[in-house]
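Enquirer: Mind looking over this structure? Questions follow.
Each value in this text was obtained by applying a stated rule to the coordinates, not by laboratory testing. Only a predicted model underlies this, so the values are computations on that prediction, with no experimental measurement involved. Heads up, the Cβs are rebuilt from the backbone with ideal geometry, glycines too, and the neighbour counts pull from every protein chain shown.
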Ligand SMILES: Cc1ncc(COP(=O)(O)O)c(C=O)c1O
């Protein structure tokens, strides 16, 4: 036993020194540090702050809402009574998420014209969609708003007026190649908090349609902008009325204060569920169960709805 350890140590040393002396393959030498994420930086500052009364206003902001916390506690109690998870629970969450996105009375829901899968929260849903898009449209680009909570591309925010850079945004829609993918924040745009007006959404929808662009919505804060779930989903109604086949990445991290549970949903109009499933199977197979149960119980139990 002792010998084995010694041997490993020596091998380890040899390996390290060969890398340093330039004889090994320098796989990662060209990889620089990524710039710091401003949102995660809030949590880093929170952790470093010794004040005992500190509150993290970063990613876990919603956890402190009393009503939400008690709803989740009630859901916890109900979930404990469920013996095991069957695929019907996953299906229920996809169905309830689609209703939130497309509207309970929409044709998409009534005629089951969508495909959806559970995802690892909002970022997981975006990731799955990006893989799906890359698989079927490898040459087409995805455009994101500038600034956004991750990468950036189309013009969106005007720091002078603190409103949308609307004319520039429309120009970008007109000037990029036809059939591009446009990622919009449904409401409470992160990090600016600035959303287009209803009239501006109508124009955006119209211009996207003219260029055959595909609109994709990320929905991390539905209900936060106006206080109403349906009101905040108004942009999707406009796009559906214009005949777009939209896609949606939904996150329950902030909406339900369940950041650590990674509950989300990817859905899009038109069936192709098997393809979505094939992609999510390769990425994570199936998401953790507990958060899925909490969300689906909260969305469907008559006492909690
Ligand atoms: C618009 C938007 N979508 C998605 C996300 C990521 O959410 P999740 O934590 O669910 O992956 C964020 C996170 O900050 C966001 O602001």
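Enquirer: Kindly rank 111-120, 98-107, 156-165 from highest to lowest mean number of other beta carbons found within 10 Å of each residue.
Expert: Highest-to-lowest ranking by the protection proxy: 111-120, 98-107, 156-165.
Enquirer: Moving on. Antiparallel versus total DSSP beta bridges in region 88-300: what percent is that, nearest 5?
Expert: 50 percent
Enquirer: Starting from the Cα gyration tensor of region 88-300, take the square roots of the eigenvalues, sort them a ≥ b ≥ c, and report rounded, prolate or oblate (rounded when a/c is under 1.5, otherwise prolate if a/b is larger than b/c, else oblate).
Expert: Verdict is prolate for region 88-300.
Enquirer: Rounded to the nearest 0.05, what FRET efficiency is calculated for residue 162 and residue 141 with R0 set to 25 Å and r the Cβ-Cβ distance?
Expert: For residue 162 and residue 141, the calculated efficiency is 0.30.
Enquirer: Given 0.36 nm per residue, what is the gain on full extension from residue 74 to residue 283 after removing their alpha carbon distance, in nm?
Expert: 72.1 nm
Enquirer: Could you sort the peptides 188-201, 250-263, 213-226 by per-residue average Cβ neighbour count (10 Å cutoff), highest mean leading?
Expert: Top of the packing list down: 250-263, 213-226, 188-201.
Enquirer: Sorting check: for 39-46, 295-302, which peptide has the highest mean count of neighbouring beta carbons within 10 Å, and how do the rest follow?
Expert: Output ranking for 39-46, 295-302: 295-302, 39-46.
Enquirer: May I ask you to compute the full-extension gain from residue 46 to residue 272, defined as 0.36 nm times their residue separation minus their alpha-carbon distance, rounded to one decimal in nm?
Expert: Extra length from residue 46 to residue 272 when fully extended: 77.1 nm.
Enquirer: Apply the a/c threshold of 1.5 to the C-alpha gyration tensor of region 230-305 and tell me whether it is rounded, prolate or oblate.
Expert: Oblate, since a/c reaches 1.5 and b/c is not below a/b.
Enquirer: Which length gain, in nm to one decimal place, applies between residue 231 and residue 27 when the Cα-Cα distance is subtracted from 0.36 nm times their residue separation?
Expert: Once the chain is fully extended between residue 231 and residue 27, it gains 68.4 nm.
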